[in-house]
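To start, the structure itself, in structure tokens.
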Amino acid sequence: MKAGMRFPDLAGVQALVWRLIAAPEGVRRGAEELHREGRLASEDLSFLVPPDERLEPPERLDIYADMYFYRLRDCLAEDFPKVVARVGPVHWHNLVTDYLLAHPSTHFSLRELGRALPGFLERSELTKRFPALEGLARLEWARVDVFDETDAAPLTREDLLAQGAAAPASAAFALVPSTRLLRLDASVLPLWKSLEEQGVENGTPRAGEKTAGVLVWRKTFAIFHRSLEADEERCLWALAAGGATLAELGELLATAQPPGAAAERAAAERLAALIDRWARDALLRTGESTVPGAA
């Protein structure tokens, strides 16, 4: 370093090395940029890494830069295995390169590294070659999200019915935190299934469908997802929005039926079936009262 320039302390050295190994176009170009910024007195990096008989300092640091990139790439692959299977290793490598240029790692935890990938894919040319890729990534990220989400004690079927019977106008229920509701291209779930079972794409959505409601949830340590019928989806969105009583859920289901006593019976039977399923899936917890002033 030039005379008069202070040698960086440990924190300064760490920041400098990180800037160099994370430089998009390699360590040598990164050193040139730092020199232009006045962060380095020259592009000579021998004060950081001495040369040896085989490699100069930039080439030695490039080894760490490659390791850093591959660690990020492999971390993303763990969170998006179906996207990797869909596009193949070459496209995945190039996708990660472009993604990290736009969204470099800035969080202390690699857990957050892939949060922006679904939105990035929405604008990527890769989706033209691989339709539904963005939806596939959204599904995979939702599964990552619910795995790490806060725990909450789910209600049993008996809990739900007892609370609903005790205070039918005020006992509200809500979804546990470890759930996500998505609306995806209808081809995403068949695509997921085919990749899961065979590693190749051969699934097709049901005729006439363009988008589909999807529920993603965690039960203990297992992650699940499934498609939703329209009436169940309406109920789950109400539960996700803060809570709903059994009576309000019954009204939502009744709107899907023609008016009359038969419709009321059909709505009641459908609600009973959904309560059974939600309880088995451990989806519901006690919510906030929907009646102002209710205890």
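The values are calculated or read from the model by the stated rules, or taken from the named source; none is laboratory data. Keep in mind the model is a prediction, meaning the values are calculated, not measured. Neighbour counts are summed over all protein chains in view; Cβ atoms, including those assigned to glycine, are modelled from backbone coordinates with ideal geometry. With ligands, DNA and RNA removed, areas are computed over all heavy atoms of the protein, side chains included. Shrake-Rupley method; radii C 1.70, N 1.55, O 1.52, S 1.80 Å.
Surface composition of the stretch 55-202: carbon plus sulfur atoms contribute 54% of the solvent-accessible area (1.4 Å probe, protein chains only, all chains present). Across the chain, C-alpha contacts under 8 Å between residues 6 or more apart give a mean separation that, scaled by the residue count, equals a relative contact order of 16 percent. Looking at the stretch 100-152, the GluC sites (Glu not before Pro) that sit in a DSSP loop and have at most 11 other Cβ atoms within 10 Å of their own Cβ are Glu125. Checking the a/c ratio against 1.5 first, then a/b against b/c, what shape does the Cα gyration tensor give for the stretch 82-224? Prolate shape, in that a/c is at least 1.5 and a/b is the bigger ratio. Between the beta carbons of Ala116 and Ala162, assuming R0 = 41 Å, the FRET efficiency works out to 0.40 to the nearest 0.05. A Förster radius of 25 Å combined with the Cβ-Cβ distance from Ala256 to Lys193 puts the calculated FRET efficiency at roughly 0.40. Listed by chain and number, the aspartates and glutamates whose alpha-carbon sits under 15 Å from that of Lys193, ignoring those within fewer than 8 places in the same chain, are Glu140, Asp185, Glu201.
In this Cβ point-charge picture (+1 for Lys and Arg, -1 for Asp and Glu), the stretch 227-288 has a dipole of about 120 debye about its Cα centre. About its Cα centre, the dipole of the chain is roughly 220 debye, where the only charges are +1 on Lys and Arg Cβ and -1 on Asp and Glu Cβ. The simple spin-label model puts a point 7 Å past each Cα toward its Cβ; for Thr211 and Arg36 those points are separated by 4.3 nm. One quarter of the surface of the convex hull around the alpha-carbon atoms of the stretch 1-120 equals 8.7 nm², the direction-averaged projected area. Across the chain, the convex hull enclosing all Cα atoms gives 199 Å³ per residue. Between Ala102 and Glu43, the simple spin-label model (points 7 angstrom out along Cα→Cβ) gives 3.0 nm. Computed from the C-alpha gyration tensor, the three semi-axes of the ellipsoid equivalent to the stretch 60-127 are 19, 14, 12 Å, from longest to shortest. Qualifying trypsin sites (Lys or Arg not before Pro) in the stretch 7-98, where qualification requires a DSSP coil assignment and no more than 14 other C-beta atoms within 10 Å, comprise Arg39, Arg54. Qualifying chymotrypsin sites (Phe, Trp or Tyr not before Pro) in the stretch 214-278, where qualification requires a DSSP coil assignment and no more than 13 other C-beta atoms within 10 Å, comprise Phe221.
What the chain shows is 56 Å² of accessible area per residue, with the surface traced by a 1.4 Å probe over protein heavy atoms. Axis of helix 261-280 versus longest Cα principal axis of the chain: the two differ by about 40°, to the nearest ten degrees.
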